[in-house]
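J.: One structure is given below, represented as structure tokens, and several questions about it will come after.
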Amino acid sequence: MTPIENRFWSKVDKRKSKSLCWLWTGSMMANGYGRIGINKVRMSAHRLSYAINVGHIDEGLFIHHRCNNKKCVNPNHLEAVTPRENTIRYFDGYGW
């Protein structure tokens, strides 16, 4: 495991069941999403989780939380989507 992955996993409250959210316990942004610093650059924790566990994120794609939990970093709850699809799902998920 790389030093970045070690830092990442040290800040995850990982549940035993794949159906549950894995909660980010590290630093948070004002908008409620987790963040982590990598080489003096701040990155969203859920995007790093997706990159570590799933793979490359194509330019311009958002990482959507299927569970609608901003603190979740469970890769089974994350999906790469277009900005438009992310907005549609966001409003559908919160009933707006």
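J.: Look at Ile4 and say whether it is surrounded by 15 or more Cβ atoms within 10 Å (Cβ to Cβ), of a type in the set (Val, Ile, Thr) and farther than 24 Å from Asn86 by Cα.
T.: Criteria met by Ile4.
J.: Scan segment 63-80 and tell me whether some residue there is among the basic types (Lys, Arg) and surrounded by 16 or more Cβ atoms within 10 Å (Cβ to Cβ).
T.: Yes.
J.: Just to check your reading of the model, which residue among Tyr90, Tyr50 is modelled with pLDDT under 90, assigned to a helix (DSSP H, G or I), of a type outside the set (S, T, N, Q) and within 22 Å of Cys21 (Cα to Cα)?
T.: Exactly one residue qualifies, and that residue is Tyr90.
J.: Restricting to segment 13-46, and then to whatever is of a type in the set (Gly, Ala, Ser) and in a loop (DSSP other than H, G, I, E, B), can you tell me which residue is surrounded by the fewest Cβ atoms within 10 Å (Cβ to Cβ)?
T.: Ala30
J.: If you don't mind, another one. Are any residues in segment 4-20 of a type in the set (A, V, I, L, M), at pLDDT below 95 and closer than 20 Å to Gly37 by Cα, and if so, which ones?
T.: Ile4
J.: Take Ser49 and decide whether it is surrounded by 11 or more Cβ atoms within 10 Å (Cβ to Cβ) and among the hydroxyl-bearing types (Ser, Thr, Tyr).
T.: So Ser49 passes the test.
The values are calculated or read from the model by the stated rules, or taken from the named source; none is laboratory data. Everything quoted here is computed from the prediction, not taken from an experiment. When we count neighbours, we look across all protein chains shown, and the Cβ atoms used for this are built from the backbone with ideal geometry, even at glycine.
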